[in-house]
Structure formats: C-alpha cells, structure tokens
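**Student:** One structure, pasted below without further comment.
The values are calculated or read from the model by the stated rules, or taken from the named source; none is laboratory data. Fair warning: this is a prediction, and the values are worked out from it, not measured in the lab. Every residue, glycine as well, gets a Cβ built from its backbone with ideal geometry; the counts of neighbours run over all protein chains shown.
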Amino acid sequence: MKLHLVNDEKIINRTIDMFEEAFPGENLFVVTNRTKNFRIVKKQERVLSRTEFKQRQKEFQISEVYIHWLNNRKMEIVNQLNLANITVYWIIWGLDLYNQLLAPKGFHMIDKETSSYYKQKHSGLKALELPFRKWRQQTVARKVARFIREKVDYIVTDTTENDYDYLIRYYPELKDKPWKDFFYYPLDVVLGNELMQSKTTGTNIAIGHSASVTNNHEYILQRLSKLNIGTRQVIVPLSYGVKKKYVEAVISTGKKLLGEHFVPLREFMPLSEYNKLQTSINVALFANLRQEAIGNIIVYLYLGAKVFLPAGSPVYEWAQGHGLTVFDLNKMTQQDIDTPLDEAQHQRNRGILSTLYNKDRMMKLIKALPE
C-alpha cells in the first residue's frame, strides 16, 4: 500500500485520480490536517482523516510513504511507523523547503522596504521578539533536516527541478539523498480541451497568485503605479493562503495606488472559472523570491501572457533553464507592459510546456517513483 500524507488542498483530488490511475487500488490518502470533515478533498473509501487513519492503521501494510508537503504533523505520523522495508518520498511544495529550511539559513524571501505588513509586524515592541522567533525557526529547521536525513529516502521536486539544488546548497549533508522528478500540473487536464486551444485575448494585468506574504504584492504595486496602465484592470487573487492583516495591507495599498483599476479576488473560484479569467490577462507579474505559484505561471505562459519574475529567483532560473521566455520584473518598463508577447515566443513557450507538462509524462513519472 502506498500511503500519501496530504493536506486538504485544491490539487489533491487531481493527485488522487492520477495515482489511482497509475496504481489502481494501491493508494491510501490521509488528510493530515483534518480529524473528520474535509473542505476540498472528496471523501472516498481510501481517503481518510488523521483520526480515521490512527484508528485503522493496523489494517494497512504500507510499502511506500509519499509526503506531499512536509510539515510537523506528517513527520509525527512517519515517526510512528515502523519504516523497515518502507520507502519514504518527500515531494517538495515550496513553503516546506524555502520557509522551513532555507529562510532560517538566510534565504531572502520578502522585500522589506515595500511591505507595510512586514514593517508593522516588526515594529516597536514586536521587534523584541525577533531573536526568539529566529531561534525557534532555526530549531525547527534543524528538526526537519534531521528528519529528512534519517527518514527520507528520495527527494522529489514538483516542476522546478532546481529546488533540489537549493536544498543541497544549504544542506550539503543531504547530498546523498537521490532526486526524482514529478509535477502536479498536467496542462491538458488542468485546462481541458477547449482552453488547450485558446490563448489570452484580453489586456488585463495579474499580480501574484495568493495571499502569501512572499508574493511581495506591494513591491509590484509600487512599480506598476509609476507606469500608465490606461483602462486595464489589475487582478489580484487573494483567496488562497489567507492572512487577514496581509490581505488588508495589500488592498489598502492597491486602492491607494491604482484606485478603481485594482481588483482583488477575495472569494475562491472554481478552477474552470479561474482558467477562463486567465485568458483575459496578457501581463502576469510575480515578485516571489521563492518557488511558488508555479501552476499559475505555467498556465499564463501557455496561454501567451507576458510573465515577469525577479531575475535570479529559483523560478526565473528554472524558466531560463528550459528555454522559456520570461521577463525581469525588476527592469519592467512601459513598453514591456504595452507590447504583447511576440507570437513566435508564445509558440515556443507553448511547445516547451506541452512537451514537459502533459498527463502522459506525469503518469510516466508517477510510475517511475517506486523504481
């Protein structure tokens, strides 16, 4: 039995379907952040809550464990297993690598100069907490690194293969852990037949993908406010990974700098509706200094939007490594946002992404994981 430790997240239903297609009846999914009812993941016979798994654990003979996003709760479950003859895979999501492991060792993720949320959070008496907070983060990082060293057999990257390089750069003691490839976003499944033939037809601008602080929304808003966006809408998804005070800070800055052109998305949208919204966007701006938003970035590139990323960031490096055309956010000009992506560049991006991120290749990578 292949045990999958997951969270109640929007991509997990698709992940369940794919692993079941590859290994019918051999998978057990445990939603570790739920004790009973799920919000997003569909309840099925082999999809259990954390409580249900604890009650029924002896029923299952586990041969492999797949950790989809490594966190403390999942480490606790693995630590309670007898790992003799069990292979453990850690599939990196982004936050688990960069926030948990790299940030405590100095990896820079937040633009402190432009983030009003960061300044408020670290002002006055709150600054006195910083040494303790840093010590706590470093303690957690050592615990996670020790778990990986002692319990994990394979490091698996989601889309951005260079995440493995970043891990080894900061934790050279893990260099003996072998790497495997994987991705969660097969374009032909995510977009469907209709949108696979579509391309962006609008002129709107998008900023980021979620309410994550590491989106650095205010950095983009300040740069964009110095340009002429005309009548274009600036669409800012803020329904995922919600931090209330951060959302309030972004909306306040957005309305102040862009006025009625600023359009925050506060409510969760079904994937089909969100994908259609993406066809109205021809400029997508991401200030993420760590790996995240990769599904959104792939879709925007496939549809023909101009995607701007911070030069030197892991995702920018990944894109350049595959020959994808992306642009340096830090050098964005008026001409850049006024000029659509060249059709030859669009077709080149689409061809590269179609080859890399399709269902057939995803199924091959899934079947290759246990090899």
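**Student:** Is it the case that Thr87 is within 24 Å of Met363 (Cβ to Cβ), among the polar types (S, T, N, Q), surrounded by 19 or more Cβ atoms within 10 Å (Cβ to Cβ) and touching a strand residue (DSSP E or B) at 6+ places or on another chain (Cβ under 9 Å)?
**Tutor:** Spelling it out, it is not the case that Thr87 is within 24 Å of Met363 (Cβ to Cβ), among the polar types (S, T, N, Q), surrounded by 19 or more Cβ atoms within 10 Å (Cβ to Cβ) and touching a strand residue (DSSP E or B) at 6+ places or on another chain (Cβ under 9 Å).
**Student:** Further, regarding this structure: So how many residues does region 256-265 have that are in contact with a Pro (Cβ under 9 Å, 6 or more places away or on another chain) and not in a strand (DSSP E or B)?
**Tutor:** 0
**Student:** Here is a follow-up. Just checking, does region 69-77 include any residue being assigned to a loop (DSSP other than H, G, I, E, B) and either aromatic (Phe, Trp, Tyr) or farther than 26 Å from Ala249 by Cβ (or both)?
**Tutor:** yes
**Student:** Right, next: Is it the case that some residue within region 31-44 is outside any loop (DSSP other than H, G, I, E, B), in contact (Cβ under 8 Å) with a residue 40 or more places away in the chain and either outside the structural domain of Ile220 (by TED's automatic domain parsing) or more than 21 Å from Tyr240 (Cβ to Cβ) (or both)?
**Tutor:** The answer is no; no qualifying residue exists.
**Student:** Tell me which residues, restricted to region 272-285, are among the aliphatic types (A, V, I, L, M), buried (at least 17 other Cβ atoms within 10 Å of the Cβ) and either in a helix (DSSP H, G or I) or out of contact with any helix residue (DSSP H, G or I) (no Cβ under 6 Å at 6 or more places or on another chain) (or both).
**Tutor:** Scanning region 272-285 gives a single hit, Ile281.
**Student:** When you scan region 233-268, how many residues do you find that are basic (Lys, Arg) and either touching a residue at least 40 places away in the same chain (Cβ under 8 Å) or closer than 13 Å to His217 by Cβ (or both)?
**Tutor:** Qualifying residue count, region 233-268: 4.
**Student:** Restricting to region 1-48, and then to whatever is of a type in the set (Ser, Thr, Tyr) and surrounded by 16 or more Cβ atoms within 10 Å (Cβ to Cβ), can you tell me which residue is nearest to Met75 (Cα to Cα)?
**Tutor:** Thr32
**Student:** Condition first: crowded, with 22+ Cβ neighbours inside 10 Å and small (Gly, Ala, Ser). Now tell me which residues in region 212-246 satisfy that.
**Tutor:** Answer for region 212-246, where residues must be crowded, with 22+ Cβ neighbours inside 10 Å and small (Gly, Ala, Ser): just Ser212.
**Student:** Suppose we filter Leu353, Leu365, Leu301 for residues that are surrounded by 14 or more Cβ atoms within 10 Å (Cβ to Cβ), in contact with an Asp or Glu (Cβ under 6 Å, 6 or more places away or on another chain), touching a residue at least 40 places away in the same chain (Cβ under 8 Å) and not in a loop (DSSP other than H, G, I, E, B); which single one remains?
**Tutor:** Answer to the selection: Leu365.
**Student:** Now a separate question. Does Lys177 count as assigned by TED's automatic domain parsing to the domain that holds Ile297, over 18 Å from the mean Cα position of the chain (by Cα), surrounded by 16 or more Cβ atoms within 10 Å (Cβ to Cβ) and in contact (Cβ under 8 Å) with a residue 12 or more places away in the chain?
**Tutor:** No: the conditions fail for Lys177.
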